[in-house]
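Peer 1: Take a look at this one; I'll ask things after.
The values are calculated or read from the model by the stated rules, or taken from the named source; none is laboratory data. Predicted model, so just to flag it, every value in this text is computed and none were measured. We place every Cβ from the backbone using ideal geometry, glycine too, and count neighbours over all the protein chains shown.
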Number of protein chains: 2
Amino acid sequence: MTALAPVLDRLDQNLDQSLDRLFDLLRIKSISTDPEFAAECRKAADWLVEDLKSIGFEASVRPTPGHPMVVAHHDGPAGSPHILFYGHYDVQPVDPLELWENDPFDPALKEIEPGRKIITGRGSSDDKGQLMLFVEACRAWKAVHGSLPCRITILFEGEEESGSPSLRPFLEANAAELKADFSLVCDTDMWNEETPSICTSLRGLVGEEITVKAANRDLHSGMYGGPAANPIRILANLLADIHDEQGRVTIPGFYDGVEETPSQILQGWEALGETAESFLGPIGLSIPAGEKGRPVLELLWARPTAEFNGITGGYTGKGFKTVIAAEASAKISFRLVHAQDPKKIRAAFRQFAAERVPADCSIDFHEHGGSPAIQLSYDSPFLTGAKDALTEEWGKQAVMIGGGGSIPIVGDFRSYLGMESLLVGFALPDDRIHSPNEKYDLKSFHKGQRSWARILDALTS
Amino acid sequence: MTALAPVLDRLDQNLDQSLDRLFDLLRIKSISTDPEFAAECRKAADWLVEDLKSIGFEASVRPTPGHPMVVAHHDGPAGSPHILFYGHYDVQPVDPLELWENDPFDPALKEIEPGRKIITGRGSSDDKGQLMLFVEACRAWKAVHGSLPCRITILFEGEEESGSPSLRPFLEANAAELKADFSLVCDTDMWNEETPSICTSLRGLVGEEITVKAANRDLHSGMYGGPAANPIRILANLLADIHDEQGRVTIPGFYDGVEETPSQILQGWEALGETAESFLGPIGLSIPAGEKGRPVLELLWARPTAEFNGITGGYTGKGFKTVIAAEASAKISFRLVHAQDPKKIRAAFRQFAAERVPADCSIDFHEHGGSPAIQLSYDSPFLTGAKDALTEEWGKQAVMIGGGGSIPIVGDFRSYLGMESLLVGFALPDDRIHSPNEKYDLKSFHKGQRSWARILDALTS
């Protein structure tokens, strides 16, 4: 801890200055989705480049067909790991403006309850506040030690809030430059305001659309009902067969590559206190609908699913029509975990479905994307180190959580750069990102800087 | 046969005159759905009243809020049955006019192959040709005998092709006047051009719409997939449960009131030569989808069904959306036979469905009509008499067929007048009713008149 302690001290002493810098960045209206703000996006990129240069990074604004990227490099000691840090400088639009209590681009510090201060403004949490934590940690380290503890590359994107159209081509074109040992991705939440978290898994996805075709035209159900095949019935039977009574998916081979979650991880999740009631209550439900006997957080973070996202067939307007449709279709997605293979899952599903269509009917398949799950090894030294660092800073055991959905950048880093990511963030569920009155807790801003300093120390010592 | 023979002779001798009369009626453009032709509808009603008066009927045009009815009465011998004959004088529109080979309202006689002549024109088959058969039979009988063999009431409607909006109120308001021992309904087909038929059953219908509701809003399938109930899955399971592997409906009590078809009736249907291939081939199918082990005509005419007429839920547009819908719904209809009770079927289905919805979800039901099946007793003397008469006229065993759908007038006669109907018609499947180039075979027109004379004789002797 000899290297770390003075860095933490410096972060404490310079909190006001770091706030000033964040406020400067927050005043730039870098709304990526609205072309009217293109110059503001460029201005934010320039601001970041200048700031990173002031720390000693070799930083540049890198053009794309859309808003530019910021790429910065800083050497580290020989033998130290190479880390890529990712964040984004663009922000969401601010409409409806009248719902904001403060000007979204005139940030302020507000005390909302005794001892709890927040930073107001668009981007304060998503993602300018979060990315500046890491920059401040680097700045303090450099100021104290004249160097950084490892080789660091920084990538700040300017199109995250508008679909990242330039990201993949940019990763592909600059893979050699950007490839590091692992990446740190910073736009995630804490579990709650006291409990830091690391997201160690994200579910993958296979999307399929199927169309069952029966007669060569719509039929009158009086004239044909009975003898004629009904594609809605075939489709309903097919969908109903996908789950057994225990809520498990019955497609052969579906669970290949799925591992049981280690009991210590399950215990950690149990300790979070999320119950079926607390999770489902807000959406008006109470009974977990997935595999029976598993807690909701495991269902969400560590178990695969088959979901029916849409279905249509026959007459769906007002009133009634005694029709037997010629076809019926459904959109189906599978959430994947661990080592489930999207290609194998798709193939197994297609065979499963085709086997359930009568010989005189047919089924068409249409692919809607596929990506494998992300799963960090629970015993990775990076993970252990980051977890201990967070636990030390917050005085409360850091939890390893999962994500039920995907975060595209993490998959892209793996696909294009062959690199795993550690997802650590200090946002809170009540930060109102994408909404009026976005905020970031001052505590997140302060202890987040200290957390990144601790993580840098842990990962490199 | 003493009373009948001279009537048949007279019909033969007066065929040309009867054709002239039909042509007069066909020239009237009584398109009921187009208000521009309201005067033509009135003209057709007037023409029929005058023609019926000329035979000795007490006939009148009876106003309704829409197009008028024609009602006519003629006495019969004491103790003879009272018969209500129903037809309709309105016709379908003629668009697209350019597809007609002959002017739809300038009827003609055309020889389409050696020995086969057809009457061309809108309404030639549906239903002016068919209704005039009976009128001509009455005319000949009256001319020969100076009387009719039984008491006859005639009801000609002018709105059959536009949804019969005035029919039920008219039946209700005039029930005492219209009620007879049974009715003859004339707008059905022969089995084929050689084989006369009587339709002895029509399936009933129960229509239901169900909506399964789960979460209180649409959910992201990444954030909630697994723990959260998916209404499409619940709906698919529910629908899949409705049929067992034998194609039978599993709803408790569903088959209450369903009788096995007598083997002689089944044999009669088998003799018609309709196979799975011949019935399903034209619609691109080959495997009967209903209860296993039963022939297609039995499935269609004598077995109840559950059909799914429409289904919708979640995202059904282009592309993909990883949504878990808040609700999903389906339109379901049950075709009923024999003594199945629509109310009991609806209640049993609702209980069956509700039992399959998890306790934290809900299901809404919306009723879309219900009517019982029509089933003539196979040993009714009217039926036997009519069947023998048709067999004698056509030289080929008349077949007792069923109808897979409903013919509203038959249900209405039962509901409003407490009266069963005998459905006999001489249209052919290639008459192109409702389409350009509607026609009626001259053979249908000639032998149809003779058939009605024979039926009148059989029913009253």
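Peer 1: Can you tell me how many residues in the range B:282-336 are within 23 Å of the chain's Cα centre (by Cα), more than 8 Å from every other protein chain (Cβ to nearest Cβ) and not hydrophobic (A, V, I, L, M, F, W, C)?
Peer 2: Number of matching residues: 4.
Peer 1: Based on what the data block shows, is B:Glu159 in contact with a Ser or Thr (Cβ under 6 Å, 6 or more places away or on another chain), over 30 Å from B:Phe349 (Cα atoms) and more than 14 Å from chain A (Cβ to nearest Cβ)? Steps first, answer last, please.
Peer 2: Numbers: in contact with a Ser or Thr (Cβ under 6 Å, 6 or more places away or on another chain): yes; over 30 Å from B:Phe349 (Cα atoms): yes; more than 14 Å from chain A (Cβ to nearest Cβ): yes.
Considered against the rule, which asks whether it is in contact with a Ser or Thr (Cβ under 6 Å, 6 or more places away or on another chain), over 30 Å from B:Phe349 (Cα atoms) and more than 14 Å from chain A (Cβ to nearest Cβ), B:Glu159 comes out as yes.
Peer 1: With the condition kept exactly as written, say whether any residue in the range B:276-284 is among the aromatic types (Phe, Trp, Tyr), surrounded by fewer than 22 Cβ atoms within 10 Å (Cβ to Cβ) and either over 18 Å from B:Pro231 (Cα atoms) or at pLDDT 95 or above (or both).
Peer 2: yes
Peer 1: Anything in the range A:258-281 that is of a type in the set (A, V, I, L, M) and either farther than 30 Å from B:Asn216 by Cα or within 11 Å of another protein chain (Cβ to nearest Cβ) (or both)? List them, or say none.
Peer 2: The answer is A:Val258, A:Ile265, A:Ala276, A:Leu280.
Peer 1: On to the next question. Which residues, counting only those in the range A:419-461, are among the aliphatic types (A, V, I, L, M) and under 21 Å from A:Phe105 (Cα atoms)?
Peer 2: A:Ala427, A:Leu428, A:Ile433, A:Leu442
Peer 1: Another question, then. Is it true that some residue in the range A:135-155 is within 14 Å of chain B (Cβ to nearest Cβ) and surrounded by fewer than 22 Cβ atoms within 10 Å (Cβ to Cβ)?
Peer 2: no
Peer 1: I would also like to ask the following. State whether the residues of the range A:250-257 include one that is closer than 20 Å to A:Ala339 by Cα and either acidic (Asp, Glu) or at pLDDT below 95 (or both).
Peer 2: yes
Peer 1: While we're looking at this one, here's another question. Can A:His74 be described as buried (at least 23 other Cβ atoms within 10 Å of the Cβ), at pLDDT 95 or above and not aromatic (Phe, Trp, Tyr)? Reasoning before the result, please.
Peer 2: Numbers: buried (at least 23 other Cβ atoms within 10 Å of the Cβ): no; at pLDDT 95 or above: yes; not aromatic (Phe, Trp, Tyr): yes.
When the stated conditions are applied, A:His74 does not pass them.
Peer 1: Being charged (D, E, K, R), in contact (Cβ under 8 Å) with a residue 40 or more places away in the chain, part of a helix (DSSP H, G or I) and in the same structural domain as B:Leu422 (by TED's automatic domain parsing) narrows it down to one residue among B:Lys142, B:Lys117; which is it?
Peer 2: B:Lys142
Peer 1: Checking B:Ser278 against (1) of a type in the set (Gly, Ala, Ser); (2) in contact with a Leu (Cβ under 6 Å, 6 or more places away or on another chain); (3) without any contact (Cβ under 8 Å) to a residue 40 or more places away in the chain: exactly one of these is not met. Which one?
Peer 2: Checking B:Ser278 against (1) of a type in the set (Gly, Ala, Ser); (2) in contact with a Leu (Cβ under 6 Å, 6 or more places away or on another chain); (3) without any contact (Cβ under 8 Å) to a residue 40 or more places away in the chain, the one that fails is (2).
Peer 1: Six or more apart or on different chains, Cβ under 7 Å: which pairs go from a residue in the range A:375-388 that's under 15 Å from A:Ser197 (Cβ atoms) to one that's among the polar types (S, T, N, Q) and at pLDDT 90 or above? Could you list them?
Peer 2: What qualifies is A:Leu376/A:Thr200; A:Leu376/A:Ser201; A:Tyr378/A:Thr200; A:Leu383/A:Thr200.
Peer 1: Can you tell me which residue is nearest to B:Val337 (Cα to Cα) among those in the range B:258-277 that are in a loop (DSSP other than H, G, I, E, B) and of a type outside the set (D, E, K, R)? Let's see the steps before the verdict.
Peer 2: First, the residues of the range B:258-277 that are in a loop (DSSP other than H, G, I, E, B): B:258-262, B:272-275.
Cutting the leftovers down to of a type outside the set (D, E, K, R) gives us B:258, B:261-262, B:272-273, B:275.
Values: B:Val258: 6, B:Thr261: 11, B:Pro262: 14, B:Leu272: 21, B:Gly273: 23, B:Thr275: 21 Å.
Taking the candidates together, the pick is B:Val258.
Peer 1: I've got another one for you. Going residue by residue through the range A:362-370, is there one that turns out to be farther than 18 Å from A:Val258 by Cα, touching a residue at least 40 places away in the same chain (Cβ under 8 Å), away from chain B (no Cβ under 14 Å) and more than 22 Å from the chain's Cα centre (by Cα)?
Peer 2: Scanning the range A:362-370 turns up at least one residue that is farther than 18 Å from A:Val258 by Cα, touching a residue at least 40 places away in the same chain (Cβ under 8 Å), away from chain B (no Cβ under 14 Å) and more than 22 Å from the chain's Cα centre (by Cα).
Peer 1: Also, I was wondering about something else. Considering each residue of the range B:405-414, count those that are in contact with a Pro (Cβ under 9 Å, 6 or more places away or on another chain) and not charged (D, E, K, R), and give that number.
Peer 2: 1
Peer 1: Give me a count of the residues in the range A:74-93 that are within 30 Å of A:Pro104 (Cβ to Cβ) and out of contact with any helix residue (DSSP H, G or I) (no Cβ under 8 Å at 6 or more places or on another chain).
Peer 2: So the count comes out to 1.
Peer 1: Please determine, by comparing only the residues of the range A:294-311 that are touching a residue at least 12 places away in the same chain (Cβ under 8 Å) and part of a loop (DSSP other than H, G, I, E, B), which one is nearest to A:Ile374 (Cα to Cα).
Peer 2: Filtering first and then ranking leaves A:Ala302.
Peer 1: Can you work out which of the residues in the range A:432-461 that are in a loop (DSSP other than H, G, I, E, B) and surrounded by fewer than 19 Cβ atoms within 10 Å (Cβ to Cβ) is nearest to the chain's Cα centre (by Cα)?
Peer 2: For the range A:432-461, the residue satisfying everything is A:His434.
Peer 1: Further, regarding this structure: List the helices (runs of 4 or more DSSP H) inside the range A:1-104, counting only whole elements, that have at least 1 residues being under 24 Å from the mean Cα position of the chain (by Cα) and closer than 30 Å to A:Ala173 by Cβ.
Peer 2: Correct list: A:15-26, A:38-55.
Peer 1: Could you please give the count of residues in the range A:377-411 that are within 14 Å of chain B (Cβ to nearest Cβ) and not hydroxyl-bearing (Ser, Thr, Tyr)?
Peer 2: Summing the residues that are within 14 Å of chain B (Cβ to nearest Cβ) and not hydroxyl-bearing (Ser, Thr, Tyr) in the range A:377-411 gives 9.
Peer 1: Let me ask another. Is it the case that A:Ser164 is at positive phi and in contact (Cβ under 8 Å) with a residue 60 or more places away in the chain?
Peer 2: On the way: at positive phi: yes; in contact (Cβ under 8 Å) with a residue 60 or more places away in the chain: yes.
It is true that A:Ser164 is at positive phi and in contact (Cβ under 8 Å) with a residue 60 or more places away in the chain.
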